[in-house]
Each structure stands twice: as C-alpha cells, then as structure tokens.
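Right, one structure below, let's go through it.
The values are calculated or read from the model by the stated rules, or taken from the named source; none is laboratory data. What you see is a predicted model, and the numbers here were worked out from it, not measured in a lab. Note that each Cβ is placed from the backbone with ideal geometry, even for glycine, and that neighbours are counted across all protein chains shown.
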Amino acid sequence: MNLEELIPAEKICTQYQVEHTFIHSLHESGLIEVVTVEETQYVHCDHLRNFEKMMRLHRDLHINIEGLQAVQQLLEQVQQLQKQNRKLRNRLNLYE
C-alpha cells in the first residue's frame, strides 16, 4: 500500500470536524478500513467516499453506528440486486 494514497485520520477529523472516536467506531464496525503506520492511523483514499457517506448519515439523520451498519448492508444488497438485474436483462436481450 502506497503511503501517498493514505490520509491521516487526524487530518480527516480536522477537515470534517468529527471526533477521532467516530473514525475508530466506523473501523471497529467494519464500515471503513484504517491502516496504522508507525503509530499513526490512516484511511485509504478509496474509503474516503464511504466515510463521507457514513458521516453525513450520522450527522444529518442522527443514525448510530449500528444503524449505519444496517444501512451499509442494505445498500450493498441493493447494489447486488441491481447488478443481477442488469445481468438478467442482458441475457433476456439475447433471446429477443
């Protein structure tokens, strides 16, 4: 993993005005991945979009961590169903 692709958790806390415990809670619940390098915690830039989504849900809708886990699981199921739907439509188009 390239260090250039990692964003320090402290910088994220400052930028988004969230507590470090929020990032820790998201990591503990499996919602984002946190990498520790030389006692400094980082979030990979690929996980920043997911962090922003979880932060907005938490802040704007007051959804707790357990609720965020449920929302994430439902969103993943919707994506899988959409992918399956596309695949089935493509197969159906072959027979039309």
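Leu68 satisfies every condition listed in (1) surrounded by fewer than 16 Cβ atoms within 10 Å (Cβ to Cβ); (2) at pLDDT 95 or above except (1).
The conditions of being under 16 Å from Glu52 (Cβ atoms) and in contact (Cβ under 8 Å) with a residue 40 or more places away in the chain are not met by Ser29. Taking the range 12-36 as the range and being farther than 18 Å from Ala70 by Cα and touching a Leu at 6+ places or on another chain (Cβ under 7 Å) as the test, only Val35 passes. Scan the range 34-59 for residues that are surrounded by 17 or more Cβ atoms within 10 Å (Cβ to Cβ) and either free of Cβ contacts under 8 Å to residues at least 12 places away in the same chain or farther than 17 Å from Glu5 by Cβ (or both) and the total you get is 3. Filtering the range 14-47 to residues that are part of a helix (DSSP H, G or I) and among the aliphatic types (A, V, I, L, M) leaves Ile23, Leu26.
Within the range 16-28, one or more residues are within 21 Å of Leu75 (Cα to Cα), surrounded by fewer than 16 Cβ atoms within 10 Å (Cβ to Cβ) and out of contact with any Ser or Thr (no Cβ under 8 Å at 6 or more places or on another chain). Is it the case that Asn93 is without any contact (Cβ under 8 Å) to a residue 40 or more places away in the chain, surrounded by fewer than 10 Cβ atoms within 10 Å (Cβ to Cβ) and in a helix (DSSP H, G or I)? Answer is yes for this residue.
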